[in-house]
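Computed from the coordinates by the stated procedures, all read-outs in this text should not be read as laboratory data. The shown structure was predicted, so the numbers you read here are calculated from the model rather than taken from an experiment. Neighbour counts run over all protein chains shown; Cβ positions are idealised from the backbone, glycine included.
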Amino acid sequence: MSEPASLHTVCRLADLETSGARGFSIGEGEWPLRGFVVRDNAGILRAYVNRCPHAGHALDWKEHDFLTSDRDLIKCASHGALFARDTGICVAGPCAGRRLRSIAVSVSGDEVKIAAPAPEQ
């Protein structure tokens, strides 16, 4: 039986309300887990790895800047790909049909926590 993943606090709910999305980094060295938390259109929290499936680099150029100006979609600042907030599926751009890698997210009190996923193979 595998052990449960450890939970990491990545922000407070109030931080997420202010920005609409919040980036985080867990771990040290050259390859920490970089991700972000966002509310979907129904208000449910979602978390994704901060990596565009098209080019493999971070989606944000400015810290915590993951959403379009109308806050309806997740955007890749580099190539303009657009992703649905609730599924992470690319709905426009060079990676149409591909999706962001999701991360399990939960709330405990005012803390938003994620379970660090296993490394990609």
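Per-structure values
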| item | result |
| --- | --- |
| Listed peptides 94-102, 46-54 by packing density, highest first (mean Cβ within 10 Å) | 46-54, 94-102 |
| Environment charge of Ala42, counting only residues whose C-beta is closer than 12 Å and scoring Lys/Arg +1, Asp/Glu -1 | +1 |
| Theoretical ellipticity at 222 nm over the chain - DSSP helices of four or more residues, -39500 (n - 2.57) apiece, nearest 500 | -1500 deg cm²/dmol |
| Projected label distance in nm at His79 and Lys62, using a 7 Å step from Cα toward the beta-carbon | 2.3 |
| Shape category assigned to the chain from the gyration tensor of Cα positions, a/c cut at 1.5 | oblate |
| Relative contact order (%) - criterion: Cα under 8 Å, at least six apart; region: the chain | 26 |
